[in-house]
Amino acid sequence: MSGTPFNPALVPPGISAGPDGAGAVRARTQPVRPSVQTPQGPAFADVLRDTAGTKPVTFSKHAVQRLERRQLTVDPSTMQRLQDGVDRAAGKGARDAVVLVDDKAFVVSVTNRTVVTAVGKDQMKDHVFTNIDSAVIA
């Protein structure tokens, strides 16, 4: 048995090897204490509470450009109705939806809660909405 190399990973906890690293095994005089680390970051309850609330709807760069070019405004009332429409679409499992608010149509990625583009009533006449799975009238 002299050819077997010493492997410290095979020594049970609470036991240490002899001074030569092999052969004689003796018990440790002090117990092994796990290191205690203080948790960092937010508490799980805080994260759960934050994810339970709805994330606000944001506008992509493209959508902001379309709003400016088409001279469309989004007031707080319109924004709240858009948010409610996206919430309703998400509740039904929609992924991509058109949310109609008054005379504006917003194409929204529901999973990302991001407005992809916006269209006013003048542009809606000749506009075809593709790659959507839902429509919401808010």
In region 66-109, the residues that are touching a Ser or Thr at 6+ places or on another chain (Cβ under 6 Å) and closer than 14 Å to G120 by Cα: R66, V101, V107
Mind checking which pairs have a first residue in region 1-13 that is surrounded by 10 or more Cβ atoms within 10 Å (Cβ to Cβ) and part of a loop (DSSP other than H, G, I, E, B) and a second that is modelled with pLDDT under 75 and of a type in the set (G, A, S), Cβ under 9 Å, 6 or more apart or different chains? F6/A17; F6/G21; F6/A22; F6/G23; V11/A17
Among R113, R69, R81, which is touching a residue at least 40 places away in the same chain (Cβ under 8 Å) and over 23 Å from the mean Cα position of the chain (by Cα)? R81
If you scan region 34-83, which residues turn out to be of a type in the set (K, R) and at pLDDT 70 or above? K55, K61, R66, R69, R70, R81
Considering only residues that are closer than 16 Å to R70 by Cα, aliphatic (A, V, I, L, M) and not in a helix (DSSP H, G or I), which ones fall in region 101-138? V101, A105, V107, V115, V116, A118, V119
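The values are calculated or read from the model by the stated rules, or taken from the named source; none is laboratory data. A quick note: this is a predicted structure, and the numbers were derived from the prediction, not measured. In this analysis, Cβ positions are derived from the backbone assuming ideal geometry, glycine residues included, and neighbour counts consider all displayed protein chains.
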